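Just so it is clear, none of the values below were taken in a lab; they were calculated from the coordinates. Computed from a prediction, not measured in an experiment: that's the story for all the values here. Cβ placement follows ideal geometry from the backbone for every residue including glycine, while neighbour counts extend to all protein chains displayed.
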Amino acid sequence: MCTLSVLPSNGSLLITMNRDESRFRPESGVNTQEFNGLTMVFPTDSEAGGTWFGFNSMGVSLALLNRYQDSSKQGMKTRGAIIPECLALGNWQAVSDHIKELDCDSYNPFDLWAFSLTQYAQLSWNGQTATVTMGEIKDPIMHTSSSVDTDEIIEHRISKFNQCEKKPDSMLRNFHLFKEPGHGSRSVMMERVKTHTKSVVQLCMNNTGLHFRYVNEEKVPTLIADGRFTDENSIQKKLSMFRPNLLEEMK
């Protein structure tokens, strides 16, 4: 139950993701790890300890969405461990090669997206077959999931994305914060009785660095009211591209 958008613009890449989750499943903030001279940053889920989004100081980012159109099984490994495993490999070539060979049999269905500044890889696992697509990022990308009325809601959000203005300064406000009166279940800023949009992340990449923003459940209403990220409503982190261990945290 998430929505991901990717917007290439003038040598930069803007990646934004809403995480839709149970109101009773907390997150535990942003985790920063150092591994073999590599810096990895990702928000974490308190229940399973995994993540749905992350990036590293080699300029690789990943996002994972569950596939509700396919059947799931009990007792499978947490999908939230996939992204840290990939990020620890370092550069784009190593990560994309790993994705092509990833053993998915122990996981329930998912869609995994990986990005460098100019390239993407998508791994779709339906529980039986894994399909990998790779290419150059030339046009905006949107991917969404829903555990309720899956096909109808995906189609509706695709239509909304196709209609909205594709500009960096309006993608958040016009798409990711969009809530339809009386239709919270299908809105990108989702609202249901037991689930809602719990957090929002955004990563801006260019040739010099990465700027990450994370808004937790408590601050999402403030983000909606502000219509933009601020120092007050988000945790922000910056990494200089391709220079491991140089991490600036903006309080």
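List the lysines whose Cα lies under 30 Å from the Cα of Lys238, skipping any in the same chain that are fewer than 8 positions away.
Straight-line reach from Lys238, under 30 Å: Lys100, Lys138, Lys166, Lys167, Lys179, Lys198, Lys219, Lys251.
Work out the FRET efficiency for Gln74 and His98 from their Cβ-Cβ distance, taking R0 = 45 Å, and round it to the nearest 0.05.
0.95
Set the Förster radius R0 to 22 Å, insert the Cβ-Cβ distance between Ser106 and Asn126 as r into 1/(1 + (r/R0)^6), and round the FRET efficiency to 0.05.
Approximately 0.90, to the nearest 0.05.
Placing unit charges on C-beta atoms (Lys and Arg positive, Asp and Glu negative, everything else neutral), compute the dipole magnitude of the chain about its Cα centre in debye, rounded to 20.
340
What percentages, rounded to whole numbers, describe P(r) for the chain computed over all alpha carbon pairs with 10 Å bin width beginning at zero?
Binned Cα distances yield the sequence 7, 33, 40, 18, 1.
Express the relative contact order of the stretch 2-250 as a whole percentage, based on alpha carbon pairs under 8 Å and six or more residues apart in sequence.
About 23 percent, as a whole number.
At what distance in nm do the modelled label points of Asn207 and Lys194 sit from each other, each positioned 7 Å from its Cα along Cα→Cβ?
5.1
For the stretch 137-148, what does the Karplus curve 6.51 cos²θ - 1.76 cosθ + 1.60, with θ = phi - 60°, yield as ³J(HN,Hα) per residue in whole Hz, taken in order and with x for Gly and Pro?
Listing the rounded values in order: 7, 10, 10, x, 10, 9, 9, 9, 9, 7, 7, 10 Hz.
Kindly write out, for the stretch 167-175 in residue order, the coupling ³J(HN,Hα) from the Karplus curve 6.51 cos²θ - 1.76 cosθ + 1.60 (θ = phi - 60°), rounded to whole Hz, with x marking Gly and Pro.
Once rounded to whole Hz, the list reads 10, x, 7, 10, 4, 5, 5, 8, 10.
Show me the three semi-axes of the equivalent ellipsoid for the stretch 34-140, from the C-alpha gyration tensor (sqrt of 5 times each eigenvalue), largest first, rounded to whole Å.
For the stretch 34-140, the semi-axes come out at 22, 17, 12 Å.
Under a point spin-label approximation (7 Å from Cα along Cα-to-Cβ), what is the Ser9-Asn31 distance to one decimal in nm?
3.1
Amide H neighbours of Asp20 under 5 Å, at least 5 residues apart or on other chains, H built in the peptide plane: list them.
Hits under the 5 Å cutoff: Cys2, Thr3, Lys198.
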